[in-house]
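Worksheet: the structure to be examined is printed underneath.
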Amino acid sequence: MHGESVEVSEVFTAIQGESSWAGYPCFFVRLAGCNLRCGYCDTPQARGRGRTARIAELAAQWRESRAALAEITGGEPLLQPGFPALAAALRDAGPRPVLVETNGSQDLARIPEGVMAIVDVKCPGSGAGGSFAAGNLGRLRPADEVKFVIADRADYEWARAFSAAHELARRCRAVLFSPAAGSGLAPAELAAWIVEDGLPVRLQVQLHRLIGMR
């Protein structure tokens, strides 16, 4: 039954590499399947089918984990019918933070209270521009974060305008600007743009790549 199991690509523990939670040991549940095909995707294996895993067993693994936080990622985790039950089970397994990373195309109302969302807004350079569900702007909560992966100056200007128009810095915990891997945009160049414009955003680099972890 959907409330009892999910389709998993992999389960592992590593250093959280993105968001304001970067640097913490994290228990990851990567769900299988995705509705987008971003040009910079670093987990294409998660687009396909995975293995069936019981939610109770995943929650037990999280309880036994020594990691500081848990994250449900993908693929696109909100596509799975069993996602809300999994998120609630991890949340209820203990007092540690639980995050979900989503590509922004799915209804954030499916995320249970007490689970923090890291929400992508796809820039035009991703190849998936226009996929963000506009209704999600009104569903952002104070503990949520919004992320833009930026490939070039055009993406930066688009993300800058979107963030300002929708007052994202006021709506949520953090707005994250990250250079797209393989795009040629150096973190220092993106940092210089942010400083020059005085944006209320946080520069993000993929910490897990820098230290050689997945």
* Under a point spin-label approximation (7 Å from Cα along Cα-to-Cβ), what is the PHE12-ARG153 distance to one decimal in nm? -> 3.7
* Structure fact -> Once the dipole of the chain is set up from charges on Cβ (+1 Lys and Arg, -1 Asp and Glu), the residue from the list CYS26, LEU185, SER163 lying farthest towards its positive end is CYS26
* Asked: Taking springs between alpha-carbon atoms closer than 10 angstrom, which of ALA188, ALA22, ALA32 fluctuates most in the Gaussian network model of the chain?
  -> ALA188
* **Cβ-based charge dipole, the chain, positive-most Cα from THR102, SER9, VAL119** => SER9
* Arrange the following residues from fewest to most other Cβ atoms within 10 Å of their Cβ: CYS34, CYS26. => CYS34, CYS26
* Structure fact -> Which of SER163, SER126, SER65 fluctuates most in a GNM of the chain (C-alpha springs under 10 Å)? That residue is SER65
* Structure fact -> region 5-210: relative contact order from alpha carbon pairs under 8 Å, six or more residues apart, as a whole percent, is 18
* To do: Under 1.5 on a/c is rounded, so check that first for the chain, then, if it is not, pick prolate when a/b is larger than b/c and oblate when it is not; a ≥ b ≥ c are the square roots of the alpha carbon gyration tensor eigenvalues.
  => prolate
* Asked: In which sequence would SER5, SER20 go, from the one with the fewest C-beta neighbours within 10 Å to the one with the most?
  -> SER20, SER5
* **In order through region 119-126: 3J(HN,Hα) via Karplus (6.51 cos²θ - 1.76 cosθ + 1.60), integer Hz, x for Gly, Pro** => 10, 6, 10, 6, 6, x, x, 6
* To do: Treat each spin label as a single point 7 Å out from the Cα along the C-beta direction, and report the ALA143 to ALA161 distance in nm.
  => 3.5
* From the residues PRO81, GLY39, PHE148, which one has its Cα farthest along the dipole of the chain in the positive direction, the dipole being from +1 and -1 charges on Cβ of Lys/Arg and Asp/Glu about the Cα centre? -> PRO81
* Asked: Taking the Cα centre of the chain as origin and charging only Cβ (+1 Lys, Arg; -1 Asp, Glu), how large is the dipole, in debye to the nearest 20?
  -> 300
* **Burial ordering of LYS147, LYS122, fewest other beta-carbon atoms within 10 Å first** => LYS122, LYS147
* Structure fact -> The alpha-carbon center of region 87-144 and that of region 191-214 are separated, in whole Å, by 20
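What is the extension gain from ALA188 to ASN35, computed as 0.36 nm multiplied by their sequence separation minus the C-alpha to C-alpha distance, in nm to one decimal? Walk me through the numbers before you get to the answer.
Details: separation 153, 0.36 × 153 = 55.08 nm, distance 3.18 nm.
So the chain would gain 51.9 nm between ALA188 and ASN35.
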* Structure fact -> Between the modelled labels at ARG49 and LEU210 (7 Å from Cα along Cα→Cβ) the distance in nm is 4.0
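Read-outs throughout are calculated quantities, based only on the coordinates presented, and are distinct from any laboratory measurement. Here the structure is a predicted model, which means the values were calculated and not measured. Positions of Cβ are backbone-derived with ideal geometry, glycine not excepted, and every protein chain shown enters the neighbour counts.
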